[in-house]
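A.B. asks: Here you go, one structure.
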Amino acid sequence: MFSVTVESAGALQQLAGELLDVSDGGLLLALPESLAVGTRVEVQLETPVMAFALPGRIVWTGTLRGPSQPHGVVFDLEQGPPFAQRLYEIARQSW
C-alpha cells in the first residue's frame, strides 16, 4: 500500500489513508473515516522521488471493509495519462 494524507475542507484534523488505485482523473483511497460525497479534499502524497498535494472532491464511497472505507476522489484539474502512469509506477514499487 501507498500512504496518503487527506485533509477535508473545514476539518481540524487530517486522515491517514492508503492509495489503492490511480487514474488521470482521480484516485481510489481507503480512509479510516467516511467522508460525504461532495466533500472538498486535498490529498497529500509523498514518495521517495516527489511530494505533492492534489485538490479534489469525494465522488463516491463504498462499503466499510475492516478498518477502512473506499473513497473515489476526482481531481479538480485532470492530471493526464503520463501523470497517472508515473504515479502508478511509483506506488506499485511500494506495494
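A.B. asks: Within the set of pairs 6+ apart or on separate chains, which have a first residue in segment 19-48 that is of a type in the set (Gly, Ala, Ser), a second that is exposed (fewer than 14 other Cβ atoms within 10 Å of the Cβ) and in a strand (DSSP E or B), and C-beta atoms under 8 Å apart?
C.D. replies: Cβ pairs passing all conditions: 30/65.
A.B. asks: For segment 59-85, enumerate the residues that are among the β-branched types (Val, Ile, Thr) and either out of contact with any Lys or Arg (no Cβ under 8 Å at 6 or more places or on another chain) or at positive phi (or both).
C.D. replies: Of everything in segment 59-85, those that are among the β-branched types (Val, Ile, Thr) and either out of contact with any Lys or Arg (no Cβ under 8 Å at 6 or more places or on another chain) or at positive phi (or both) turn out to be 59, 61, 63.
A.B. asks: Looking at segment 69-82, is at least one residue small (Gly, Ala, Ser), in a loop (DSSP other than H, G, I, E, B) and out of contact with any strand residue (DSSP E or B) (no Cβ under 9 Å at 6 or more places or on another chain)?
C.D. replies: Yes, that holds for at least one residue.
A.B. asks: Okay, next question. Name the single residue, out of those in segment 1-25 being in contact with a helix residue (DSSP H, G or I) (Cβ under 9 Å, 6 or more places away or on another chain) and buried (at least 19 other Cβ atoms within 10 Å of the Cβ), that is farthest from residue 61 (Cα to Cα).
C.D. replies: 2
Readers should treat all values here as calculations from the given coordinates under stated rules, not as data from a laboratory. Small disclaimer: the values here were computed from a predicted structure and weren't measured. Here Cβ is always computed from backbone atoms with ideal geometry, including for glycine, and neighbour counts include all displayed protein chains.
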